[in-house]
Structure formats: C-alpha cells, structure tokens
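Peer 1: Handing you this structure, nothing more for now.
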C-alpha cells in the first residue's frame, strides 16, 4: 500500500510544479478538462499495469523484480539529470506540459487537456509497468495516480496564484523530487 502511494506521488508530483506555474500565469483548467485528464490518466495507467503483468507472466519473479527495480532506479536518475539540466524552457508539450495552453487563452480547454493528460501520463505509464512488476497494489494505483495528478494541479494552481508576487520556485524542483523518490522506491523494492 505504501509503495503504491509513493509511486503514485512520484509519478504525479510534477503536476504540482505545473499547477504552480499555471497559477503564476493565471491559467486555469476547465472542469471538463479535469475530467478528461482523470480519464486519460487512469486509462494509460491501467494499460501500463496490463503490460507489466504480461512481462511478469513471461519471466521468473526474481528477474522481473530485478528488472522493475532497475528501471525505476534508472528512470529516477534520468529524471534527476533532466531536471538539473533544466529544460523547462522547451515549447514542446511533452518536454514541458506547461506549454499546453496553445491558444494563450489562460484556460486549458478539452483539446488542450488531452495533450496535457498524455504528457503527464508518460511517466505514469513507465512507472505503472515497473510497478506491476515489483508488486504494487494494482487495483489502487491507477486511481491514486489520477487523483494525485488532479490534487497536485489544483493545489499547485492555488499556491501559484498566491506566491506570484513573493517567490518563484524553480520549475525543475518537482521533477527532481520525483526522480529521487523513484530511486529510493527502486532500491527499497530491490532489497525487500
């Protein structure tokens, strides 16, 4: 249960930084956009778990646990390296989901929320595959990922609105935290 929560937080915490940036820029996600985000997130995470279960059925459990833990650790290292390189100024939505407000309307509408959801769910997909291999709670994980994404986006937007005048957080801090969490979870699952 704890692993499911930590993995869900790790795959969703980038949403907090994105939400803060949206708040600072006074950009809001429409209600229908949030619903679309939730549905896409949960669907992609379930697909990833199905794929992870398929991999687990082919290989012996020790090998799948080793592979899953290793991938989590390497993903965490990769995310940390990318965060330290600070590529947040990219205009590509998959490198920088903040740029998903294509029409600069300050509202993330239905079409834009699809791109945002896919961009945010890429980490969830990889983590879901590895997580199912290292025996997380498969029924709970997709819901946790989707709920944490919406929660972090909403909290981040609220924080961003209120800190805009006082202090600007680096956009890469949440990616760095996400990467560190993945490394720790991978190490923990490897030695468990």
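The values are calculated or read from the model by the stated rules, or taken from the named source; none is laboratory data. As the structure is a prediction and not an experimental result, all values here were calculated from the model. Note that each Cβ is placed from the backbone with ideal geometry, even for glycine, and that neighbours are counted across all protein chains shown.
Peer 1: Restricting attention to the stretch 71-86, and to residues there that are more than 14 Å from the chain's Cα centre (by Cα) and under 16 Å from residue 3 (Cβ atoms), which single residue is surrounded by the most Cβ atoms within 10 Å (Cβ to Cβ)?
Peer 2: 73
Peer 1: With the structure loaded, tell me whether residue 64 is touching a residue at least 12 places away in the same chain (Cβ under 8 Å), assigned to a helix (DSSP H, G or I), touching a helix residue (DSSP H, G or I) at 6+ places or on another chain (Cβ under 6 Å) and within 30 Å of residue 159 (Cβ to Cβ) or whether it fails that test.
Peer 2: No, not satisfied.
Peer 1: Continuing with the same structure: Report, by residue number, each residue of the stretch 155-177 that is at pLDDT 70 or above and closer than 30 Å to residue 64 by Cα.
Peer 2: Hits for the stretch 155-177 are 175, 176, 177.
Peer 1: Has the stretch 1-17 got any residue that is closer than 24 Å to residue 131 by Cα and without any contact (Cβ under 8 Å) to a residue 60 or more places away in the chain?
Peer 2: yes
Peer 1: Is it the case that some residue within the stretch 115-135 is under 23 Å from residue 54 (Cβ atoms), out of contact with any strand residue (DSSP E or B) (no Cβ under 8 Å at 6 or more places or on another chain), at pLDDT below 75 and in a loop (DSSP other than H, G, I, E, B)?
Peer 2: Within the stretch 115-135 (the criterion being under 23 Å from residue 54 (Cβ atoms), out of contact with any strand residue (DSSP E or B) (no Cβ under 8 Å at 6 or more places or on another chain), at pLDDT below 75 and in a loop (DSSP other than H, G, I, E, B)), the answer is yes, since at least one residue qualifies.
Peer 1: The conditions are (1) more than 14 Å from the chain's Cα centre (by Cα); (2) modelled with pLDDT under 75; (3) over 23 Å from residue 155 (Cβ atoms), and residue 50 fails exactly one of them. Which is it?
Peer 2: Only one criterion is unmet by residue 50, namely (2).
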